[in-house]
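One structure below.
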Amino acid sequence: MNDFMLQAMAQARLALENDEVPIGAVIVKDGKILSRGRNSREKSQMATGHAELIAIEKACKKLGSS
């Protein structure tokens with residue numbers, strides 16, 4: 001298993017430890033992790049608290065994009 005998948009799984013474990021559905025995501029650019037995300041729907045009570053959306057938001061901020 002590659003390091004990117006292991007990093008996504010680590011995010012999923014963190015979500016599970018916080019009583020969230022255990023889903024994690026990473027966004028990779030040029031062979032490096034640009035951002036990470038994990039589910040936070042229960043804690044945040046936000047419909048957009050999905051791992052993928054959180055990772056996308058973080059990546060956009062880093063890249064100066066919206």
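The values are calculated or read from the model by the stated rules, or taken from the named source; none is laboratory data. In this text the structure is predicted, and so the values were computed from the model without any measurement. For neighbour counting, all protein chains shown are included, and Cβ atoms are generated from backbone atoms with ideal geometry for every residue, glycine included.
Before moving on, here are some points about what is shown:
- Listed by position, the helices (runs of 4 or more DSSP H) contained in the chain that have at least 2 residues being touching a Lys or Arg at 6+ places or on another chain (Cβ under 8 Å) are 3-17, 51-63.
- Residue count for the range 3-52, restricted to those that are polar (S, T, N, Q), free of Cβ contacts under 8 Å to residues at least 12 places away in the same chain and within 26 Å of residue 65 (Cβ to Cβ): 2
- Residue under evaluation residue 32, criteria (1) surrounded by 16 or more Cβ atoms within 10 Å (Cβ to Cβ); (2) at pLDDT 95 or above, criterion not met: (1)
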